[in-house]
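Just below is one structure, and these are the notes that go with it.
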Amino acid sequence: MLNSFLYLVCFAIVLVSLSATEAGAASRGFSVGAGPSLVNFDSNFKITNTDDGSDLFIDTEGTLGLPEKDTSPLFLMSYRISNKHSVALSYVGIRRQNELANLELDLGDYTAYGNILIRDTTKYYSFNYGYTLFEDDRSFVLASFGIFGLDLGLSLEAVGGIRNGEDVIEENNYEKAMGVFAPLPLFGLDFWWAYTSRWGLGSKIAFVGGSYADVKAVVVDTSIRGIYRMSKHFEAFVGVKYFSGDITINDAPYRNEIKYGLNGLIGGIGYRF
C-alpha cells in the first residue's frame, strides 16, 4: 500500500512538467461521470477490551476470506461555477461478502458446528468547494475544502452449536457490526492539465482527519486519471486510485481499531454541459 502511494506521488510530480493547452476551457461547466473501479483491498481490525487489556486481531481478507480484488461503483459530479469557484461530489460504494459454511470441529463425543457470514458494505462520500489557486492556458490548480462522509460497514453473523450425533445440545446466534457514519473535515489539492482540446490529465489528493462522536479517523484519498473528450458533451476517463484509512471506534468497554485500504484502477464515462 505504501509503495502504491509513493508511486502516485512521484507520478504526480513528474506530470507537472507536461505541456497542456485550453485546460480551463476543457473543464468549465457541469459534469457527471460514473463507472467501475477494480481495486485490491487490504484491511484489518483489532478489538481491544479496555477493562482487561485483552485484544483480538483479524485480517478481513486473510482470516475472514473477504475478496482481495473486487469491483465497486464510482460516481463523480463537478460544477465549475467560474474561474475561481467550483463544487464537486464523489461517491464510492463497496459490497463484499464471504460465507464460511458447514464448519465442524470434532470434540470427541461431541461436534461443534457453525456457519459464518461476513459482509463489507462500506461507502464513502465527499462534497467540497474548490478555489482556484492558479490558472493559465495550460493548467490550473484548485484547493478543496469540504466534508468527507465515512460510512463504515463491517459485519459478522454466526450461527453454531454443539451436537451429539444428530441431537443438538446447544445452538446460538452471534452478530457483531462495526458500522458507523462519520462526517469529517476534508482538505485537498486538484491539478489539471489539457494537452489538446480533447486530451487532459488530472491528479487529486485529499486529506481527512478529525473526530465525530466516538469515532476518530485519518484518511488519505488520491487519484490520477486521464480524460479523453469524445464529443462536445461526452468524455471517457481512466486512472489509478489509492485510499488508506485508520479509524478508531470507542464502544465501551471495547476499542475497535480499523485499517482500511484499497488501490487499483478506475474508469468510466462522463457527460459535460
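Overview of results
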item: Criterion (surrounded by fewer than 15 Cβ atoms within 10 Å (Cβ to Cβ) and closer than 25 Å to residue 235 by Cα) met by exactly one of 55, 136, 109; result: 136
item: Which listed residue is loosely packed, with under 14 Cβ neighbours inside 10 Å, touching a residue at least 12 places away in the same chain (Cβ under 8 Å) and either among the β-branched types (Val, Ile, Thr) or assigned to a strand (DSSP E or B) (or both), from 102, 83, 98; result: 102
item: Check on residue 194, under 30 Å from residue 146 (Cα atoms) and in contact with a helix residue (DSSP H, G or I) (Cβ under 7 Å, 6 or more places away or on another chain); result: yes
item: Unique match (being in a strand (DSSP E or B), loosely packed, with under 15 Cβ neighbours inside 10 Å and among the aliphatic types (A, V, I, L, M)) among 169, 118, 205, 162; result: 169
item: Residues (more than 27 Å from residue 43 (Cβ to Cβ) and in a strand (DSSP E or B)) located in segment 208-234; result: 226, 227, 228, 229, 234
item: Residue in segment 108-122 that is within 22 Å of residue 184 (Cα to Cα), among the charged types (D, E, K, R) and touching a residue at least 40 places away in the same chain (Cβ under 8 Å) present; result: yes
item: Selected residue [in contact with a Lys or Arg (Cβ under 8 Å, 6 or more places away or on another chain), among the aliphatic types (A, V, I, L, M) and in a strand (DSSP E or B)] from 154, 186; result: 154
item: Residue match in segment 156-175 (condition: within 18 Å of the chain's Cα centre (by Cα) and either modelled with pLDDT under 75 or of a type in the set (S, T, N, Q) (or both)); result: no
item: Looking only at segment 37-54, and only at residues there that are more than 17 Å from residue 120 (Cβ to Cβ) and part of a strand (DSSP E or B), the one that is modelled with the lowest pLDDT; result: 49
item: Test result for residue 237, part of a strand (DSSP E or B), free of Cβ contacts under 8 Å to residues at least 24 places away in the same chain, more than 30 Å from residue 54 (Cα to Cα) and among the aromatic types (Phe, Trp, Tyr); result: no
item: Positions within segment 55-76 being in a loop (DSSP other than H, G, I, E, B), of a type outside the set (A, V, I, L, M) and in contact (Cβ under 8 Å) with a residue 40 or more places away in the chain, in sequence order; result: 60, 65
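The values are calculated or read from the model by the stated rules, or taken from the named source; none is laboratory data. On a predicted model such as this, the values are computed, not experimentally measured, just so you know. Cβ coordinates were reconstructed from backbone atoms using ideal geometry, including for glycine residues, and neighbour counts include every protein chain displayed.
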